[in-house]
1. Tell me, in nm to one decimal, what length is gained between residue 77 and residue 18 on full extension, where the rule is 0.36 nm per residue of separation less the Cα-Cα distance?
2. Using a Förster distance of 35 angstrom, determine the FRET efficiency expected from the C-beta separation of residue 10 and residue 137, and round it to 0.05.
3. List 18, 67 from most exposed to least, where exposure is judged by having the fewest other Cβ atoms within 10 Å.
4. What is the sum of charges around residue 100, taking Lys and Arg as +1, Asp and Glu as -1, for the other residues whose C-beta is under 14 Å from the C-beta of residue 100?
5. Between residue 58 and residue 101, 0.36 nm times their residue separation minus their Cα-Cα distance comes to what?
Amino acid sequence: MQKKLNNIIKKLTPTRGWLILIYFIVNGLFLYDFLAYQAIIYTAALIGLSWCFNLTPATDKLAHYYWGVIYSMITFIVVQFFLSPIVSSIIALIFTSFLAYKKEQNDGKLKADGTKKGNKEMLDFVFTIIPAIQILLIIIFK
């Protein structure tokens with residue numbers, strides 16, 4: 001069952017180019033919510049510096065960020081129909097953290113042939129929950 005789920009996730013994950021675009025758009029919108037039009041300049045500078053100095057996160061981290069956006073946005077939107085925005089964003093953070101933890105826990109397990117399914121990394125967990133933290137910060141400070 002887990003193997004089928006992993007295959008579906010791999011098929012639904014966009015290519016690196018799309019992941020980079022999504023990463024910068026989401027972070028640009030996050031900055032825009034706090035800094036208004038100055039965020040456009042900061043986002044453009046961030047994109048320029050990232051491409052010049054190869055500061056863009058690895059494809060694996062971008063994929064975790066992408067799925068964090070999906071998990072947190074769906075949870076936030078669904079729960080917001082029933083609860084206040086602040087409670088919805090906290091629940092989105094908790095649910096996204098739970099999914100990220102379960103994914104990393106599964107990566108550390110062994111396959112039938114004795115090889116590992118993947119590497120357990122704290123950064124994978126962090127990149128998955130960053131979008132939920134961003135939603136929470138937007139709700140708290142706006």
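FYI, it's all coordinate maths here, none of it is from the lab. Worth saying up front: this structure is predicted, and the values here are computed from it rather than measured. Ideal geometry is used to build each Cβ from the backbone, glycine not excepted, and the neighbour counts take in all protein chains shown.
1. Full extension of this stretch gives 18.9 nm more.
2. Result of the calculation: an efficiency of 0.70.
3. 18, 67
4. Net charge in that neighbourhood comes out at -1.
5. My answer for the length gained is 13.5 nm.
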